[in-house]
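A short reminder: the numbers here are calculations on the coordinates, not readings from a lab. No experiment lies behind these values; they were computed from the predicted model shown. Please note: Cβ atoms are built from the backbone with ideal geometry, for glycine as well, and neighbour counts cover all protein chains shown.
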Amino acid sequence: MRYGTGMAASPRFNPLLRAGKPQGMASSAVGTAAPVFRPGLEGVPATQSAICDIDGLQGKLTYRGYEVGSLATNSSFLETAYLLIWGELPTAAELQAFESEVQMHRRVSFRIRDMMKSFPSGGHPMDALQASAASLGLFYSRRALDSPDYIAAAVVRLIAKIPTMVAAFQLIRKGQDPIQPRDDLAYAANFLYMLTEREPDPLAARIFDACLILHAEHSLNASTFSARVTASTLTDPYAVVASAVGTLAGPLHGGANEDVLEMLEQIGTEDQVEPWLDRAIAQKQKIMGFGHREYKVKDPRAVILQKLAEELFDQFGHDPLYDLARKLESVAAERLGPKGIYPNVDFYSGLVYRKLGIPEDLFTPLFAIARTAGWLAHWKEQLGANRIYRPTQIYTGHAERQWVPQGAR
Ligand code: SDX
């Protein structure tokens, strides 16, 4: 493998250049072409990837060719993580080896727990997670990006420790000591146990595991792009994940799952849905949990999450916020549907987590636990054909001007 040397197979197609300009030009010539600016890089392919595919018109999502709904029904999160990162479904022996490796690395150093104890208890758990993920780089500082063993060990460590760190901060901020993982519990059940100090109901654990699968990967979303940009500098994988956690936290991205419940609570009752939505649209307010750059139909993950929410309600009791959410979805379909704006992954996930008894400000950290698998798959893929990300810009500032001494300003 060659790292940091440019890649022979890199695509030379540059969509930022106007049609008609020759492609594959030398870097000195790139500066002379008139570039087109696309805000948010909409429609601009920034990488090639074999990990995940989205059909935004049909509402289809596949991981390594497998439809996400069939993975949510038949697979486990760790098996799906293996598939995403290593490219193929594991054999029984491979899966067992991966699961036991992850299980062995779940614990985090007492020094990381002590560091978390010094965090402000009122701080957001995503900030605590970003700092804790970055701190792993201090403990595992030997970097060998060209070693498959190093990559495999980092993958296991991050997938194993991120949930432990999320659960630890939850207990620490309540003034308690974190509890140790339980080796007899599978990944999702163990996380819920570390969070709530109770062994979860098997249905709750299965549904939470399915949620992790649904959130594990989604092509070049903002946090994964951030992960790939960070990876392309050949820094360590802990910095890659920490940068992605910071990017996921924003309300336009993963942070929206927390805001959806707040929005539903603010709407209050079903009869308020229509006037609230009309007001919000008139004020050009973004409806949280709606809209997507890629999907012009309902996000397939939202369809599945809605069914999972209903399964939970059947078993553990109804949530009236769900009726409100459905009413909002149907009114929004009339008002926003013609623009291709429908529920995204964040719309129903919060209702599932709420039924599982998870506090609202942990919803985005749960997304991060799952998405760590996708970020690591992209980290590994980026290293396999690396070239540092260094796009260009269109300068809009002053032409060169003369220095003005302080007294003359
Ligand atoms: C995730 O990319 C991924 O893959 C992300 C994700 C993943 O798995 O990683 O799927 C997870 O981040 C889901 C998205 C969570 N965010 C929200 O729910 C916040 C609300 N949604 C939006 O702000 C918005 O739809 C985005 C951020 C999701 C997408 O933004 P775009 O593609 O930049 O679209 P835009 O903001 O430029 O909007 C285009 C038009 C505008 O109208 P016009 O000015 O053209 O008339 O659509 C309107 C927008 O006003 N619009 C909305 C809307 N989303 C878009 N109008 C009301 N409510 C909305 N939610």
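Distances between every pair of Cα atoms in the stretch 256-355, grouped in 10 Å steps from 0 to the bin holding the largest one, split as 16, 52, 28, 3 percent. Secondary-structure-derived ellipticity at 222 nm for the chain, considering helices only, amounts to -16500 deg cm²/dmol, per-run term -39500 (n - 2.57) for DSSP H runs with n ≥ 4.
Restricting attention to the stretch 257-409, the count of lysine pairs at 8 or more positions apart or across chains with alpha carbons under 20 Å apart stands at 15. Under a cut-off of 17 Å between alpha-carbon atoms, report the aspartates and glutamates in cross-link reach of residue 60, not counting same-chain residues fewer than 8 places apart. Once the sequence-local aspartates and glutamates are set aside, what remains near residue 60 is 217, 294, 299, 346.
Cα centroids of the stretch 314-342 and the stretch 125-146: 39 Å apart.
When you filter the chymotrypsin sites (Phe, Trp or Tyr not before Pro) in the stretch 336-397 for DSSP loop state and at most 12 other Cβ atoms inside 10 Å of their Cβ, you are left with 395.
Shape verdict for the stretch 84-212, please, from the Cα gyration tensor: rounded (a/c under 1.5), prolate (a/b greater than b/c) or oblate. It comes out oblate by the Cα gyration axes.
Converting phi to 3J(HN,Hα) with the Karplus coefficients 6.51, -1.76 and 1.60 and the offset θ = phi - 60°, the stretch 63-78 yields 10, 6, x, 9, 5, 4, x, 6, 5, 4, 7, 9, 9, 10, 4, 5 Hz in sequence order, with x at every glycine or proline. Ranked from largest, the principal axis spans of the Cα set of the stretch 142-270 equal 54, 37, 29 Å.
By per-residue mean of other Cβ atoms within 10 Å, what is the highest-first order of 314-324, 39-49? Working shown, then result.
Numbers: 314-324: 14.0, 39-49: 11.6.
The packing order, highest mean first, is 314-324, 39-49.
Rounded to whole numbers, the Karplus 3J(HN,Hα) couplings from phi for the stretch 398-406 are 5, 5, 4, 9, 7, 4, 10, x, 3 Hz, using 6.51 cos²θ - 1.76 cosθ + 1.60 with θ = phi - 60°, and x at Gly and Pro. Amide H to amide H distances under 5 Å link residue 60 with 55, where only residues 5 or more positions off or on other chains count and H is placed in the peptide plane. Over the stretch 78-136, the alpha carbon radius of gyration divided by the compact-protein estimate 2.2 N^0.38 Å works out to 1.52.
If you take the alpha carbon atoms of the chain and fit the smallest convex hull around them, that volume is 203 Å³ per residue. Our note on the geometry: Cα centres of the stretch 147-219 and the stretch 224-255, 19 Å apart. Within straight-line reach of residue 174, meaning a Cα separation under 16 Å, sit the following aspartates and glutamates at least 8 residues removed in sequence or on another chain: 114, 197, 360, 361. Within a straight-line Cα-Cα reach of under 13 Å, residue 117 can be paired with the following aspartates and glutamates, leaving aside sequence neighbours fewer than 8 residues apart in one chain: 177. Averaging the sequence gap over all C-alpha pairs within less than 8 Å and six or more residues apart, then dividing by the number of residues, gives the stretch 256-355 a relative contact order of 47 percent.
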